[in-house]
Amino acid sequence: MMAFRKKTTEPLSYEQALQRLTALCSQSEHSSAEIRTKAFQWQLSANDTERLVDYLIDERYVDDERYCKAYANDKLRYNHWGRFKIRQMLHIQGLASEHIRAGLESINEEEYEKILTDIIHAKNRSIKDTDPYTRHAKIMRHAASKGFESDAIAKLLPGCDEYTYDE
């Protein structure tokens, strides 16, 4: 039987944390909330944590609006999430509403509709049931579970009337 131990880290100095975080933030986007979490894990004082976050924001290593835009576009493209699910996840991360709104507005509408159309068609092909009402309900539930808004789904669903039955 494998024994699990809690991962412990030694406290870091302000300079060590700054060096690690500048390297981390120069490689990929991170939010100020993630930086605060890292600082807490490294047992930095609240004063040092805020000083660190302020420095990273001032030097443009961290920008919550830029993070939200990158997050929204990545989750749409790679995970095929809709706006509702993206908004929820950003909200859970503790990001400000105006940053979340900017991130969602940065989503390309044509790309959004194309991904939703692809999801609808893929689900339509996988459904064996021949009843149109059941098919529509299953497609609506599936797309909604991925975070797409019901009005966007309903707008694109009629184009999915070429029901295919793989029997």
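Taking the criterion of being in a helix (DSSP H, G or I), out of contact with any Leu (no Cβ under 9 Å at 6 or more places or on another chain) and among the acidic types (Asp, Glu), the residues of the range 104-131 that qualify are 105, 109, 110, 118.
Mind checking whether some residue in the range 66-77 is within 16 Å of the chain's Cα centre (by Cα) and free of Cβ contacts under 8 Å to residues at least 24 places away in the same chain?
Checking the range 66-77: at least one residue is within 16 Å of the chain's Cα centre (by Cα) and free of Cβ contacts under 8 Å to residues at least 24 places away in the same chain.
As a summary of the residue check, residue 44 satisfies the conditions (1) buried (at least 19 other Cβ atoms within 10 Å of the Cβ); (2) out of contact with any His (no Cβ under 9 Å at 6 or more places or on another chain); (3) modelled with pLDDT of 95 or more; (4) more than 30 Å from residue 142 (Cβ to Cβ) except for the one numbered (3). Considered as a group, the residues in the range 116-154 that are farther than 21 Å from residue 75 by Cβ and without any contact (Cβ under 8 Å) to a residue 12 or more places away in the chain include one that is farthest from the chain's Cα centre (by Cα), and that residue is 131.
Screening the candidates 35, 86, 57 for the property of being under 30 Å from residue 142 (Cβ atoms), β-branched (Val, Ile, Thr) and in contact (Cβ under 8 Å) with a residue 24 or more places away in the chain yields one hit, 86.
Among the residues of the range 127-137, is any among the β-branched types (Val, Ile, Thr) and at pLDDT 95 or above? No, the conditions are met nowhere in the range 127-137. Only one entry in 100, 92, 119, 107 is touching a Phe, Trp or Tyr at 6+ places or on another chain (Cβ under 8 Å) and under 19 Å from residue 148 (Cα atoms), namely 119. Whether a residue is of a type in the set (Ser, Thr, Tyr) and modelled with pLDDT under 95 was assessed, and residue 71 does not pass this test.
The values are calculated or read from the model by the stated rules, or taken from the named source; none is laboratory data. In this text the structure is predicted, and so the values were computed from the model without any measurement. Cβ coordinates were reconstructed from backbone atoms using ideal geometry, including for glycine residues, and neighbour counts include every protein chain displayed.
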